[in-house]
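Asks: Let me begin by handing over the structure; questions about it come next.
The values are calculated or read from the model by the stated rules, or taken from the named source; none is laboratory data. None of these values were measured; they are calculated from a predicted model. With ideal geometry, Cβ positions are generated from the backbone for all residues, glycine too; neighbour counts draw on all protein chains shown. These accessible areas exclude ligands, DNA and RNA; they are computed on the full protein's heavy atoms, side chains included. Shrake-Rupley method; radii C 1.70, N 1.55, O 1.52, S 1.80 Å.
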Amino acid sequence: MVVISLVSVYAHMRGHFRLSHLLGLVSVSLATVAVGSSVFLLVALLPTEQTPLTVLRDAGLIWVANVATFAVWYWIIDEGGPGRRPTDSHRGEDLQFPQDQDGSSGWSPDFTDYLFLAFNQSTAFGPTDTAIIS
């Protein structure tokens with residue numbers, strides 16, 4: 001994962017933005033597989049002798065990793081990713097935030113908005129204030 005990140009940063013610095021974006025997708029995909037594997041291992045190891053505090057700590061860490069991973073997915077997917085997304089306004093083609101429902105505010109989301117969306121999705125298990133359009 002570290003090697004992929006370093007190669008991605010190097011490719012971005014050299015102007016190879018498509019390669020950097022592809023390596024970012026690979027990195028997030030590996031993180032998603034790691035979170036899924038961690039959930040599987042947590043559930044599989046529940047019958048063994050573990051302290052409740054250890055299980056609770058591990059579940060909390062998996063939940064934090066899940067929120068962070070989905071925040072990155074939302075950030076990458078929305079309007080083609082951060083390299084293609086216009087910085088002056090948000091069109092709301094993929095994710096429609098409450099701030100851009102009128103379409104003329106000139107507002108554009110940053111990573112914290114995607115982090116908040118991922119937190120709400122993972123906590124509420126239902127629709128949030130941001131509509132997922134596509």
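Asks: Looking only at residues that are at pLDDT 80 or above and hydroxyl-bearing (Ser, Thr, Tyr) in the stretch 59-90, which one is most open to solvent (accessible area, probe 1.4 Å)?
Replies: This residue is TYR74.
Asks: Report the residue count in the stretch 1-30 for those that are in contact (Cβ under 8 Å) with a residue 12 or more places away in the chain and under 18 Å from ASP78 (Cβ atoms).
Replies: Final tally of qualifying residues: 7.
Asks: Another question, then. Identify the residue in the stretch 91-130 that is surrounded by 12 or more Cβ atoms within 10 Å (Cβ to Cβ), in a loop (DSSP other than H, G, I, E, B) and of a type in the set (Phe, Trp, Tyr) and, among all such residues, is modelled with the highest pLDDT.
Replies: Filtering the stretch 91-130 for residues that are surrounded by 12 or more Cβ atoms within 10 Å (Cβ to Cβ), in a loop (DSSP other than H, G, I, E, B) and of a type in the set (Phe, Trp, Tyr), the one modelled with the highest pLDDT comes out as PHE97.
Asks: Given the criterion closer than 20 Å to PHE125 by Cβ, in contact with a helix residue (DSSP H, G or I) (Cβ under 6 Å, 6 or more places away or on another chain) and either charged (D, E, K, R) or without any contact (Cβ under 8 Å) to a residue 60 or more places away in the chain (or both), identify the matching residue among VAL35, VAL64.
Replies: VAL35
Asks: In the stretch 1-29, what count of residues is obtained for those that are under 18 Å from ALA71 (Cβ atoms), open to solvent by less than 80 Å² (accessible area, probe 1.4 Å) and of a type in the set (A, V, I, L, M, F, W, C)?
Replies: The number of residues fulfilling the criteria is 3.
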